[in-house]
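Undergrad: Got a structure here, written out as structure tokens. Questions coming.
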Amino acid sequence: TLAPLTIAPVPVKDTLIAPLGPDSARSVGPKTISAIVHAVGDTGVQGVFVHFAITRTLASSSEAPAVYIGDVGKPSTTDTTDGSGNATRTLYVLSRRLADQALVAGTKLDTVIVQASATYKGAPLSGSPVQIIVPVRVTISIK
């Protein structure tokens, strides 16, 4: 196994669409976020722990967060890179918990920023931490 050298964000291609549905179960918007760890020659490195942390969130209207990082709907902020060097989590926006009424009404676009970091033998990889920028829009989908 090659030693990991660098970490890079995988750019988010589309806006995270958070539906505002008739209930909380249908008012969740997910978006996959990823980082990639490379060794020499852009070879992906398997088995590296990548930690994800929200550094800019959206205000919540309650004590519970409106945005979290998880895996299959459960909070989880760490992933291990696969054979291609990719580490992936899902960013969830719970639109019924958003405090910003313009965002909830769908008239405003906002942004969540996630930081991904990794170390090797106690030292940060080159580029660590990296930022993953996720644009967020709420759409009303009462059905």
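Undergrad: What is the number of the single condition among (1) modelled with pLDDT of 95 or more; (2) among the aliphatic types (A, V, I, L, M); (3) open to solvent by 70 Å² or more (accessible area, probe 1.4 Å) that I7 does not meet?
TA: (3)
Undergrad: Considering only strands (runs of 3 or more DSSP E) fully contained in segment 28-143, which possess at least 3 residues that are of a type in the set (S, T, Y), open to solvent by 20 Å² or more (accessible area, probe 1.4 Å) and in contact (Cβ under 8 Å) with a residue 12 or more places away in the chain?
TA: Numbers: elements: 28-38, 49-56, 67-71, 78-80, 86-94, 110-117, 130-140.
Per the criteria, 86-94.
The values are calculated or read from the model by the stated rules, or taken from the named source; none is laboratory data. Keep in mind the model is a prediction, meaning the values are calculated, not measured. A quick note on method: Cβ atoms are made from the backbone with ideal geometry, for glycine too, and the neighbour counts reach across all protein chains shown. The accessibility values were calculated without ligands, DNA or RNA, using every heavy atom of the protein model including side chains. Shrake-Rupley method; radii C 1.70, N 1.55, O 1.52, S 1.80 Å.
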